[in-house]
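Peer 1: The structure that follows is given in the form of structure tokens.
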Amino acid sequence: MQTSTPFLSVVVPALNEEGCIGAFIDQMRRELSILVPSWEIVVVDDGSTDRTETIVAAEARADERIRLITRPHHSMVAALQQGMAAAKGRWRFMADADLAMPVDNLGRFLTLLRADHPPDIIIGTRRAAGSQRIGERWWRHVVDRVFNYAVRALAVSGIRDTQCGFKMFSAAAADAVFPRLTITGFALDVEMLFLARRAGLDVREVGIVWHGRDDSRVGLCRGAAPFADVLRIRWRWRNVYAIWAYALTAILAAGLAYDLLRMPIQVFDSLGDILAASQSRSLWDSFESAFGGTGYFRPLRSAQIKALFDLSSGRHYWLVFRGLHAALLVGCLWLFIRALRVKTATDFAAAAFALTVLTGMFTFRGTVQEAFPINHFLEMLVCALAVLNLAQSRAGWGVDVAVCVIFAAAVLTLESGLLVWVVAFAAWVAGMRGMSRRGLIGLTVLLVGYLFVRFEFLTSGTPGLSERSAGFLLSVLDPPELQQRFGSQPHVFYAYNVMASVLAVLFSEPQSGVFVAVRSWLQGHVPARVIVSVAASATTTFLIAWAAWHLRRSREPLDSGAQLLIVAAAVLVANAMLSYAYTKDEIMSIGGAFYALAVYAAVRVAIDRAGSARLVACACLATVLLVAGGAWAVRSAGLHHTLRLQAFRHRGDWAELPARRKAEGERPAEVNRGWLVDALRNSALAMPAPNPYFYPRWAEQVWGD
Amino acid sequence: MGRAGVGRLSRATAARASAALPAVLLAAATVTWLAAAAFGAHPFWPSESLTLSEAAALRDGGEVARLLATGVDPNGRYSIRGGFLYKDPVVLTPVEAALAADRPEIVAILVHAGATPSATSMTQPPR
């Protein structure tokens, strides 16, 4: 009797296989003896009515490494579950007895086990390098492909052949997957891989030689049943916590999108670009016009405005520009919640908390409230979150190309697009599996190319002190004051801006470079909104620091929370360095959003620790979460107040435009395009915006500017 | 599950509830006001009907311009409800109301639309 743990168990469900089971055992025994140090073959006879049991029983008597389990006929999945439960091997190989795969292909599976980090599951595939399909009928191939597309779209993305009956599992993976199988039909392989993915197991494919058989289980007569099974799998194993998280996100996004769609297009920093788009002859003209400028190199920005202007067809300006704004906001929140990978109740609670941090953060308010006339900062945030999501997916050429395209689009739109590279690099350092070395090299080549074109070829340079006003300590300095104080040593001012930007995200202070709380305190009155902001930010920053301390001993591969903390820290620092020239809330929007990701990781740690903490410590932690979460929710609700105030201002700006232009002197572009200015103004005036006089007084105290 | 296990579970549940509750309440409030908006109530976007002078007194340039575009006479005298500008209701021209509210940009909108400020309205407070 074999008592020690064999290296490999081969588990074979058998139903009336008398024609091939003997040959299978013979060939497999020979192959195993060559390839692995120790093995067993477990045949589960699922109530065969032919001589299958007799043949296997004879083999088992002759060789103790061959075991027979008999059971009344039920289903293949039940036989597999029983066989896997009885198997003792460190690796467990599920095989069909029909010899559709020659047994010498087993070596291909074992090759992957020799890697430094072997996968949890290796599946044979008829659609990978080295695979070969012999004797397959054309209609079976078509059915197989159609079914695979449905499976990839609905249940298990990225696997080109789920249905091959040869799969190898580590003992832990088999224990995690097989007891939970429920599908008895053709789609049981799909459920197997779906559950493996859900459990976070690493699944890899290996190409095999495969012989088609006319009496195989696959047939057209099965009709829609396998497809229905795939839908059943999705429903049965639905992730309720993820559904709740997406529902919460959808509600918050709908509220904010409603506000955005009631806001006119803004005048300042926007009308000039719309007029320029109306005068541009083509997208390429708009793109090309950005070359040769100084300070900024944003060719895709002008091209995007031109594209949307053309899409407006001379009438629907508000709908197109504000529609894109709302769509970007919804996309941003969707990508954010997707990046959190919510699976458990703890994940949901932390995600809910993080959502209030994201939408309550003043950088997000700065990002959402304005558009020039496209909200490019929000676009950059969407790009950064998209790359993070790709980095969390499975690596491949598609991911590499997508990341490079996103980076190129982002960096040609706004300088903040450089942070896409930082996200990708930090994700790779943190070990996110979707970010490959190949993809990172491609991105870096693009980065170097961009820097060369910008600084060497076009000499666009960087913004200087004379570009705009900027906050410093307790006040805002005009460009002449900045020149006077820092003209000879601008690096001091730049260092202040970097520090101020980091502190602003961590503590909501200073804002736009000005220490508002300190100034208010010196003036003898600190508004409630300042107290709420600083207290909420300081508490969550402390929580992040505490969580980072607990996660510091995470070993490879890093916990997903530790990965998020690493990426968030890198993005925050890089974002602050990019805003060295001047501090502005919306410039730090990406850093602010990644701060919210770090909060998610920190709250998860806090909840996990609360479960094993003493009662008093748990009560303190719960109170801190409740109070801080409440403060962030108040700040998040304030975004609605900000947006309606902004709508009132934009409408007023349009109202004042004719009189102001008359006083300041009309610009040629506005005279030539008077019809366009009138159309935009009439559209803005037609949108009712609530007068701040009717707001409750406390709203200004809690949420005011 | 033993008592210690149950205790751990309930503590984690309390922490989860504390973390999620504010966001859930925020979402509930959002659903409520979106539902109200669907029926025309717009709790966050109230639309109050104003006279031209009231809009000028409340510094609402957008509403002033909209009313002017609909043909409202910029030189007419319109009532202003109590509390908007003064404690009691008054009747003023839009220019007088804008001057009383100290909003030169509203005056500019009105003048651009054809308002003719009288000498008294430009030099004396309305009341």
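Peer 1: The conditions are (1) exposed (fewer than 13 other Cβ atoms within 10 Å of the Cβ); (2) away from chain A (no Cβ under 11 Å); (3) β-branched (Val, Ile, Thr), and B:Thr51 fails exactly one of them. Which is it?
Peer 2: Result: B:Thr51 fails condition (1) only.
Peer 1: Go through segment B:80-116 and give me each residue that's in a helix (DSSP H, G or I), within 14 Å of chain A (Cβ to nearest Cβ) and surrounded by 23 or more Cβ atoms within 10 Å (Cβ to Cβ). Before the answer, list the steps.
Peer 2: Let us first name the residues in segment B:80-116 that are in a helix (DSSP H, G or I), namely B:94-100, B:104-112.
Next, from what is left, pick out any that are within 14 Å of chain A (Cβ to nearest Cβ): B:94-95, B:97-98, B:104-112.
Result: B:Pro94, B:Val95, B:Ala97, B:Ala98, B:Ile106, B:Val107, B:Ile109, B:Leu110.
For every residue, the table says whether it meets (1) free of Cβ contacts under 8 Å to residues at least 24 places away in the same chain; (2) crowded, with 20+ Cβ neighbours inside 10 Å.
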position: A:Val534; (1), (2): no, no
position: A:Ala547; (1), (2): no, yes
position: A:Arg552; (1), (2): yes, no
position: A:Ile590; (1), (2): no, yes
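Peer 1: When you go through A:Glu481, A:Glu509 one by one, which is the residue that is outside any helix (DSSP H, G or I) and either crowded, with 19+ Cβ neighbours inside 10 Å or free of Cβ contacts under 8 Å to residues at least 60 places away in the same chain (or both)? Write out each step before concluding.
Peer 2: On the way: A:Glu481 fails: outside any helix (DSSP H, G or I).
None of the other options fit; the residue is A:Glu509.
Peer 1: Let me ask another. If only one of A:Arg127, A:Arg90 is touching a helix residue (DSSP H, G or I) at 6+ places or on another chain (Cβ under 6 Å) and surrounded by fewer than 17 Cβ atoms within 10 Å (Cβ to Cβ), which one is it? Give the steps one after another, and end with the answer.
Peer 2: Details: A:Arg127 fails: touching a helix residue (DSSP H, G or I) at 6+ places or on another chain (Cβ under 6 Å).
Step by step, each of A:Arg127, A:Arg90 is checked, and only A:Arg90 is touching a helix residue (DSSP H, G or I) at 6+ places or on another chain (Cβ under 6 Å) and surrounded by fewer than 17 Cβ atoms within 10 Å (Cβ to Cβ).
Peer 1: List the strands (runs of 3 or more DSSP E) that sit entirely inside segment A:1-103 and contain at least 1 residues that are farther than 20 Å from A:Trp210 by Cβ and aliphatic (A, V, I, L, M). Working first, answer last.
Peer 2: Numbers: elements: A:8-14, A:39-46, A:66-71, A:91-94.
Passing ranges, in order: A:8-14, A:39-46, A:66-71.
Peer 1: Would you please name the residue that is surrounded by the fewest Cβ atoms within 10 Å (Cβ to Cβ), looking only at residues in segment B:56-79 that are within 8 Å of chain A (Cβ to nearest Cβ) and not in a loop (DSSP other than H, G, I, E, B)?
Peer 2: By that ranking, first place goes to B:Ala69.
Peer 1: Return yes or no: is A:Gly434 touching a Lys or Arg at 6+ places or on another chain (Cβ under 9 Å) and of a type outside the set (Asp, Glu)?
Peer 2: Details: touching a Lys or Arg at 6+ places or on another chain (Cβ under 9 Å): yes; of a type outside the set (Asp, Glu): yes.
Judged against the criteria, A:Gly434 is a match.
Peer 1: Of the numbered conditions (1) part of a loop (DSSP other than H, G, I, E, B); (2) at pLDDT 90 or above; (3) under 27 Å from A:Phe515 (Cβ atoms); (4) not small (Gly, Ala, Ser), A:Glu467 fails exactly one; give the number of that condition.
Peer 2: (2)
Peer 1: Continuing with this model, one more query. Only one of these is more than 7 Å from chain B (Cβ to nearest Cβ) and either at pLDDT 90 or above or assigned to a helix (DSSP H, G or I) (or both): A:Ala659, A:Ala647, A:Ala655. Name it. Even if it seems obvious, please write down each step before you answer.
Peer 2: Values: A:Ala659 fails: more than 7 Å from chain B (Cβ to nearest Cβ); A:Ala655 fails: more than 7 Å from chain B (Cβ to nearest Cβ).
So the residue among A:Ala659, A:Ala647, A:Ala655 that is more than 7 Å from chain B (Cβ to nearest Cβ) and either at pLDDT 90 or above or assigned to a helix (DSSP H, G or I) (or both) is A:Ala647.
Peer 1: Please verify whether A:Ile566 is touching a residue at least 60 places away in the same chain (Cβ under 8 Å), part of a helix (DSSP H, G or I) and surrounded by 24 or more Cβ atoms within 10 Å (Cβ to Cβ), treating the condition exactly as stated.
Peer 2: Numbers: touching a residue at least 60 places away in the same chain (Cβ under 8 Å): yes; part of a helix (DSSP H, G or I): yes; surrounded by 24 or more Cβ atoms within 10 Å (Cβ to Cβ): no.
Criteria not met by A:Ile566.
Peer 1: Please name all residue pairs, on different chains or six or more residues apart, with Cβ atoms under 7 Å, provided the first residue is in segment B:73-87 and is in the same structural domain as B:Val111 (by TED's automatic domain parsing) and the second residue is in a loop (DSSP other than H, G, I, E, B) and exposed (fewer than 15 other Cβ atoms within 10 Å of the Cβ).
Peer 2: B:Pro74/B:Gly114; B:Asn75/B:Thr116; B:Ser79/B:Pro89; B:Ile80/B:Pro89; B:Arg81/B:Pro89; B:Gly82/B:Asp88; B:Gly82/B:Pro89; B:Tyr86/B:Arg127
Peer 1: Does A:Leu440 meet the test of being surrounded by 15 or more Cβ atoms within 10 Å (Cβ to Cβ), assigned to a helix (DSSP H, G or I) and under 21 Å from the mean Cα position of the chain (by Cα)?
Peer 2: Values: surrounded by 15 or more Cβ atoms within 10 Å (Cβ to Cβ): yes; assigned to a helix (DSSP H, G or I): yes; under 21 Å from the mean Cα position of the chain (by Cα): yes.
Criteria met by A:Leu440.
Peer 1: Out of all the residues in segment A:102-115, which are closer than 22 Å to A:Leu80 by Cα and either exposed (fewer than 14 other Cβ atoms within 10 Å of the Cβ) or within 38 Å of the chain's Cα centre (by Cα) (or both)? Can you show your working first?
Peer 2: Keep residues of segment A:102-115 that are closer than 22 Å to A:Leu80 by Cα, which gives A:102-103, A:105-106, A:109-110.
Correct list: A:Asn105, A:Leu106, A:Phe109, A:Leu110.
Peer 1: Also, I was wondering about something else. Check every one of the helices (runs of 4 or more DSSP H) wholly within segment A:313-385 and list those with 2 or more residues that are modelled with pLDDT of 95 or more.
Peer 2: Passing ranges, in order: A:317-339, A:345-360.
Peer 1: Further question: Given the structure, is A:Ser612 among the hydroxyl-bearing types (Ser, Thr, Tyr), within 8 Å of chain B (Cβ to nearest Cβ) and closer than 25 Å to A:Gln369 by Cβ?
Peer 2: For A:Ser612, the condition - among the hydroxyl-bearing types (Ser, Thr, Tyr), within 8 Å of chain B (Cβ to nearest Cβ) and closer than 25 Å to A:Gln369 by Cβ - is not met.
The values are calculated or read from the model by the stated rules, or taken from the named source; none is laboratory data. The structure displayed is predicted, hence computed values, not measured ones. Note that each Cβ is placed from the backbone with ideal geometry, even for glycine, and that neighbours are counted across all protein chains shown.
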